[in-house]
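Asks: Please see the structure below; I have some questions.
The values are calculated or read from the model by the stated rules, or taken from the named source; none is laboratory data. On a predicted model such as this, the values are computed, not experimentally measured, just so you know. Note that we place each Cβ from the backbone using ideal geometry, even for glycine, and neighbour counts take in every protein chain shown.
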Amino acid sequence: MLKKQAYVAGGSPEAYDEMLQADGTPRPQYAELTRWLEGQTRDGFRHKQQEADAIFRRSGITFAVYGDAAASERLIPFDLIPRILAASEWRFLQRGIEQRVRALNTFLYDIYHRQEIVRAGRIPAEMVTGNSAFLPEMMGFDPPRNVYAHIIGTDIVRTGAGGFFVLEDNLRTPSGVSYMLENREAMMRLFPELFAAHRVAQIEQYPELLRQTLESVAPAQCDGDPTIAVLTPGMFNSAYFEHAFLADQMGVELVMGSDLIVEDGALFMRTIRGREQVHVLYRRIDDDFIDPLNFRADSLLGVPGLFDLYRAGKVTLVNAPGTGIADDKAIYAYVPEIVEFYTGEKPILNNVPTFRCAVDDECTHVLDNLQDLVVKEVHGSGGYGMLIGPHASKMQRREFASRIQANPSNYIAQPTLSLSTCPSFESNGIGPRHVDLRPFVLVGDQIRITPGGLTRVALKKGSLVVNSSQGGGTKDTWVLED
Amino acid sequence: MRIAISHQSEYTYDRDGGTTVQALRLSPPRHAGQSIEHWRISAPGIETAARYTDAFGNVVHLIASNGEAGPLRVAAEGVVHTTDTAGIVGLTDEAASPAVYLRETRLTKPSAAIAALAQSVHVHSHGVTDEMNTLHGLMATLHAQVAYEISSTHAATSAAEAFAGKRGVCQDHAHIFLSAARQLGIPSRYVTGYLLTDGADAEAAHHAWAEALVPHLGWVGFDPANKTCPTERYIRLAVGLDAAIAAPIRGVRRGPGAETLVVTVAVRQAGEQAPQQ
């Protein structure tokens, strides 16, 4: 039997426990799961864990870790205990995320047109047009439905007393949605009784909604049914599994740059049925690499002239090139301003306080308080190139300080957040582990947010790094319906 | 002035079977001091080309040739009317905002020497820059310090490299000019076009210079290679942040064999006949 006392609330005194309240009783949305957990045996779970691994292995779901030659492909650890959000919590998150993605898309339209927000003096021009993530070539173009970021994975954390904060907006090519879907499928096979006992909001419609979203942003010049394709950099990319999975689930072609050709002012793919025009390209290749004619000339992954076709309205690129300016970590500090400027409303979801090393005073503060801060590269992602002050050695901090001094505008810093914890399996039973949440948002003819998202969990005791590239795992995420 | 232009580019490949995609910025714009009597681009696939106006106001045609044998010929020909505006183009209708023209590119990234050059020509009083005197000073200094020398640089030579070597062609003069002007906070851009010369010098007929955004005047041209503001002998073709972005023909070829390019540019005065129709 798994004893109740095996689980102690919270990872640290100040962390919010997702399952237990301060008095040790479960929160309402976890009541049923807590009862069920008490009825399970450790051996039973061990057996289920093996079964889960077998399911993931069979599905082919793997993740490549850069800089790890020994295990270039491996399973992301999966934790069997789901993370549960109450309906009211989800409604709040949904409203907050919707407000934020609407504002960020309006911001993108604005900065690639009249730049009202700069004229109004709310963001310095230097931060926008002087930013390396700003793409001047996008200026003056109206993408279908004026949508730039169609597929978004908003990273949300819950801290302290339980407030939600947005950590990153991820408007470029966010990944992880395949894990969300596979996790749910595995859980339904492993524990059907849990789904009988809970009203869990469905998520398996995601690929269909993704297809509808992509179809809804076909170029105006396309008058029939639009043809969609997913563009992958290839099987050596860490998210190749996901590219193949999504193409398969949507019933569309998965292509590489070499499968695409420009002809007669349009984009075509070579298929086993012959040449076929492509109207919407869900590209999972970074801006720099999509088109060697317009961007990095040495890219072999992209298609020469693809950007010209996009601007000529012959094909829609999803997400649009140049969306990176809106999830640039230096612009992040301005997102509350951005929300207010375009919606006239107060932001529903708060930002994490952020210090910009580009600003002298803030940089000094960062250098003086490195031991308490998390420092990130402005253009980095995936947990690469960051410093977790409290967990770093003196030497690592010194080394990082000189990097910041050499190029201050390349860094931002945030206080170390005590991420909320969720019960997770460990060698001795169940222990609290820090989690975040990445809900997946689709923006096309409407905004569609899949209930829940991907919960990432730092499986190492006390660790705050949830990135899969840094040893994090995942959990199934439930939104309970009223 | 009525000027006839013929701009031919012939690409030959020592083996057939490659694919070539080219973005053509070969459509001269209409604006104060420049009108188009007629203009025609001939190239394989031009009828079905994807066509759009880019962020800098250039009309772009995207053409592709997939495996056709034989040389690839791109020709632009026409007659353009010009008047002398002392280099003032005024405000042009493009999407890019003025601040965009302060961006650094690889080709225009300033070196310490260029920053020093910028400071040395900076004319200002009470913290306010006198753009016109600064830019004229920059043009004159550049003309004096950087020798015009064909083949001393190549297409990928940066402003910093050319300025360090103190020689270059019109592209290099323009890049150094942009780099220094942007250092002083003056939005500026690269212009590629044609120049009516007295000799039959093809190198000089295909020309490049710079434009800077001056308060109350709009865009004003400066040609540091010739130490003059553009006259009625200058025909503007395309603009951008640097030579790579404003290139009249930018292409990517994938396939076997080497490519040889022969460019012929003929610019001549076409007499004062009235425009046809």
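Asks: So in region A:92-142, with the set limited to residues that are within 16 Å of A:Pro336 (Cβ to Cβ) and among the polar types (S, T, N, Q), which one is farthest from the other protein chains (Cβ to nearest Cβ)?
Replies: Per the criteria, the residue is A:Gln99.
So that you can scan it fast, the table gives a plain yes or no per residue for (1) aromatic (Phe, Trp, Tyr); (2) within 27 Å of A:Thr154 (Cα to Cα); (3) more than 14 Å from chain B (Cβ to nearest Cβ):
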| residue | (1), (2), (3) |
| --- | --- |
| A:Pro304 | no, no, no |
| A:Phe307 | yes, yes, no |
| A:Asp328 | no, yes, yes |
| A:Asp368 | no, no, yes |
| A:His391 | no, yes, yes |
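Asks: Suppose the filter is modelled with pLDDT of 95 or more and more than 14 Å from chain B (Cβ to nearest Cβ); does A:Val280 pass it?
Replies: When the stated conditions are applied, A:Val280 passes them.
Asks: Working only within region B:58-77, note down all residues that are in a strand (DSSP E or B) and within 14 Å of chain A (Cβ to nearest Cβ).
Replies: B:Val59, B:Val60, B:His61, B:Leu62, B:Ile63, B:Ala64, B:Ser65, B:Asn66
Asks: Could we say that A:Leu209 is assigned to a helix (DSSP H, G or I), in contact with a strand residue (DSSP E or B) (Cβ under 9 Å, 6 or more places away or on another chain) and touching a residue at least 40 places away in the same chain (Cβ under 8 Å) here?
Replies: Yes.
Asks: Also, I was wondering about something else. Among the numbered conditions (1) more than 14 Å from chain A (Cβ to nearest Cβ); (2) free of Cβ contacts under 8 Å to residues at least 40 places away in the same chain, tell me where B:Ile5 comes up short.
Replies: Unmet for B:Ile5, out of (1) more than 14 Å from chain A (Cβ to nearest Cβ); (2) free of Cβ contacts under 8 Å to residues at least 40 places away in the same chain: (2).
Asks: Mind listing whichever residues of region A:163-196 are of a type outside the set (Asp, Glu), in the same structural domain as A:Phe440 (by TED's automatic domain parsing) and more than 19 Å from the chain's Cα centre (by Cα)?
Replies: Listed by number, the residues that qualify are A:Ala186, A:Met187, A:Met188, A:Arg189, A:Leu190, A:Phe191, A:Pro192, A:Leu194, A:Phe195, A:Ala196.
Asks: Taking the condition closer than 27 Å to A:Thr173 by Cβ and either surrounded by fewer than 18 Cβ atoms within 10 Å (Cβ to Cβ) or among the acidic types (Asp, Glu) (or both), does A:His365 pass?
Replies: In short, no.
Asks: Checking the conditions here, which among B:Leu72, B:Leu62 is farther than 25 Å from B:Tyr234 by Cα, out of contact with any Gly (no Cβ under 6 Å at 6 or more places or on another chain) and outside the structural domain of B:Ser188 (by TED's automatic domain parsing)?
Replies: The unique qualifying residue is B:Leu72.
Asks: Select from region B:78-97 the residues that are over 18 Å from the mean Cα position of the chain (by Cα) and within 14 Å of chain A (Cβ to nearest Cβ) and list them in ascending order.
Replies: Result: B:Ala95, B:Ser97.
Asks: I would also like to ask the following. Which of (1) surrounded by 20 or more Cβ atoms within 10 Å (Cβ to Cβ); (2) part of a strand (DSSP E or B); (3) out of contact with any Pro (no Cβ under 8 Å at 6 or more places or on another chain); (4) at pLDDT 95 or above does B:Thr20 not meet, given it meets every other one?
Replies: Answer for B:Thr20: the failing condition is (4).
Asks: Something else about it: Tally time: how many residues in region B:244-275 are more than 25 Å from B:Gly17 (Cα to Cα), among the small types (Gly, Ala, Ser) and away from chain A (no Cβ under 14 Å)?
Replies: Count: 4.
Asks: Search region A:141-175 for residues being among the small types (Gly, Ala, Ser) and crowded, with 20+ Cβ neighbours inside 10 Å, and hand back the single one that is modelled with the lowest pLDDT.
Replies: The extreme case among them is A:Ser175.
Asks: Could you please give the count of residues in region A:428-450 that are buried (at least 20 other Cβ atoms within 10 Å of the Cβ) and not in a strand (DSSP E or B)?
Replies: The number of residues fulfilling the criteria is 3.
Asks: Output the residues belonging to region A:364-379 that are touching a residue at least 40 places away in the same chain (Cβ under 8 Å) and either under 22 Å from A:Ala326 (Cα atoms) or not assigned by TED's automatic domain parsing to the domain that holds A:Glu399 (or both).
Replies: A:Val374, A:Lys376, A:Glu377, A:Val378, A:His379, listed by residue number.
Asks: Does B:Asp130 meet the test of being over 30 Å from B:Thr20 (Cα atoms) and touching a Pro at 6+ places or on another chain (Cβ under 9 Å)?
Replies: No, not satisfied.
Asks: While we're here: Restricting attention to region B:180-195, does a residue exist that is within 14 Å of chain A (Cβ to nearest Cβ), closer than 30 Å to B:Ser65 by Cβ and in contact with a His (Cβ under 8 Å, 6 or more places away or on another chain)?
Replies: Yes, that holds for at least one residue.
Asks: What is the number of the single condition among (1) within 27 Å of A:Phe141 (Cα to Cα); (2) touching a residue at least 40 places away in the same chain (Cβ under 8 Å) that A:Leu293 does not meet?
Replies: (2)
Asks: Quick check on region B:101-116. Is at least one of its residues of a type in the set (Ser, Thr, Tyr), in contact with a helix residue (DSSP H, G or I) (Cβ under 8 Å, 6 or more places away or on another chain) and more than 14 Å from chain A (Cβ to nearest Cβ)?
Replies: Yes, some residue in region B:101-116 is of a type in the set (Ser, Thr, Tyr), in contact with a helix residue (DSSP H, G or I) (Cβ under 8 Å, 6 or more places away or on another chain) and more than 14 Å from chain A (Cβ to nearest Cβ).
Asks: Does A:Glu89 satisfy the condition of being out of contact with any Ser or Thr (no Cβ under 9 Å at 6 or more places or on another chain), within 14 Å of chain B (Cβ to nearest Cβ) and surrounded by fewer than 19 Cβ atoms within 10 Å (Cβ to Cβ)?
Replies: no
Asks: Report yes if B:Ala55 is touching a helix residue (DSSP H, G or I) at 6+ places or on another chain (Cβ under 6 Å), touching a residue at least 40 places away in the same chain (Cβ under 8 Å), in a strand (DSSP E or B) and within 14 Å of chain A (Cβ to nearest Cβ), otherwise no.
Replies: no
Asks: A:Thr477 - would you say it is touching a Cys at 6+ places or on another chain (Cβ under 9 Å), at pLDDT 90 or above and among the hydroxyl-bearing types (Ser, Thr, Tyr)?
Replies: no
Asks: If you check A:Leu300, A:Leu254, A:Leu267, A:Leu293, which single one turns out to be among the aliphatic types (A, V, I, L, M) and farther than 21 Å from B:Gly67 by Cα?
Replies: A:Leu254
Asks: Which of the residues spanning region A:26-47 are surrounded by 14 or more Cβ atoms within 10 Å (Cβ to Cβ) and either under 25 Å from the mean Cα position of the chain (by Cα) or part of a helix (DSSP H, G or I) (or both)?
Replies: Those that are surrounded by 14 or more Cβ atoms within 10 Å (Cβ to Cβ) and either under 25 Å from the mean Cα position of the chain (by Cα) or part of a helix (DSSP H, G or I) (or both): A:Gln29, A:Tyr30, A:Glu32, A:Leu33, A:Thr34, A:Trp36, A:Leu37, A:Arg42, A:Phe45.
Asks: Among the listed residues A:Glu14, A:Glu32, A:Glu89, identify the single one that is of a type in the set (Asp, Glu), at pLDDT below 90 and more than 21 Å from A:Ser427 (Cβ to Cβ).
Replies: A:Glu14
Asks: Of the conditions (1) more than 25 Å from the chain's Cα centre (by Cα); (2) surrounded by fewer than 22 Cβ atoms within 10 Å (Cβ to Cβ), A:Asn294 clears all except one; give me its number.
Replies: That leaves (2) as the condition not met.
Asks: While we're looking at this one, here's another question. Would you point out which residue out of B:Tyr101, B:Tyr148 is surrounded by fewer than 19 Cβ atoms within 10 Å (Cβ to Cβ) and among the aromatic types (Phe, Trp, Tyr)?
Replies: Criteria check complete, one pass: B:Tyr148.
Asks: Let me ask something else about it. Taking region B:25-45 as the region of interest, how many residues are more than 24 Å from B:Ile63 (Cβ to Cβ) and part of a loop (DSSP other than H, G, I, E, B)?
Replies: So the count comes out to 2.
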